[in-house]
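**Q** Quick one: this structure, given as structure tokens, is what I'll be asking you about.
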Amino acid sequence: MARDPSSPIVSGIYFLFRDGALAYVGKSHDCHRRIAKHRANGRVFDFATVMPLRQEFIGDVEKALISAYTPPDNRAVPPAAQAVAPTPPAPVVKAPDLTTVSVSQARTIALRCGLPAAAIDEAIAVGDLKFVDSGRRTGRGIVRVAMASAVTAYCEHRAQQRLIALGLVEAKPEDGAILQ
């Protein structure tokens, strides 16, 4: 498939969305060309977005994202000899916000929610927040990132728990799933 000369060559991870939900995560040296090839080959999706990354980090980041989000179209197809019963379709969920934040930015979010910055380090240590290597390098090493929406939700949840523990607000029955 010929590449549109007006689109830049972007190496990285691409995300395909269908019916408002993440359907597929892929990697490519030329994401725009690969997305066009998916459409030409009949893959159905509503829109796509790209996360530029350096080539040497693409494979690891793609695996981490597939593991974290388990997009339905990334599942391996079982061989015909091992046919399995079809699984029900995944529920339609809102497309995730794919904005990422660094650990340092996550600490700032924690402070804005009234938590100590160390709450982020604790959350990483116990596995409540997952950060992956972004491929970007600074003077202090490789920048690790997490989804901004996950960090914000975590900080808001912890701040709410703290207010309840201090007796400043009451837990509501409908918040039970959030408050645990």
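Computed from the coordinates by the stated procedures, all read-outs in this text should not be read as laboratory data. Treat the numbers as computed from the prediction; the structure is a model and nothing was measured. Neighbour counts are summed over all protein chains in view; Cβ atoms, including those assigned to glycine, are modelled from backbone coordinates with ideal geometry.
**Q** Compute the distance in nm between two label points, each set 7 Å from the Cα along the Cα-to-Cβ direction, one at residue 46 and one at residue 153.
**A** Going by the 7 Å Cα→Cβ label model, 1.8 nm.
**Q** If you don't mind, another one. May I ask you to order 9-18, 64-73 by the average number of other C-beta atoms within 10 Å around their residues, highest value first?
**A** My ranking of the peptides, most packed first, is 9-18, 64-73.
**Q** Search the structure for amide H atoms under 5 Å from the amide H of residue 171, placed 1.01 Å from N in the peptide plane, and list their residues when 5 or more places away or on another chain.
**A** Correct list: empty.
**Q** Now a separate question. Which stretch or stretches of segment 50-71 have amide N atoms under 17 Å from the point lying 7 Å from residue 29's Cα along the Cα→Cβ direction?
**A** Counting backbone N atoms under 17 Å from the label point, the list is 53-60.
**Q** Moving to a separate point now. State the answer as a single residue: which of 42, 8, 69 lies farthest towards the positive end of the charge dipole of segment 8-75, with beta carbon charges of +1 for Lys and Arg and -1 for Asp and Glu, about the Cα centre.
**A** 42
**Q** Here's a follow-up. With only Lys, Arg, Asp and Glu charged, each at its Cβ (+1 for the first two, -1 for the last two), find how big the charge dipole of segment 8-75 is about the Cα centre; round to the nearest 20 debye.
**A** Using Cβ point charges on Lys, Arg, Asp and Glu, segment 8-75 gives about 200 debye.
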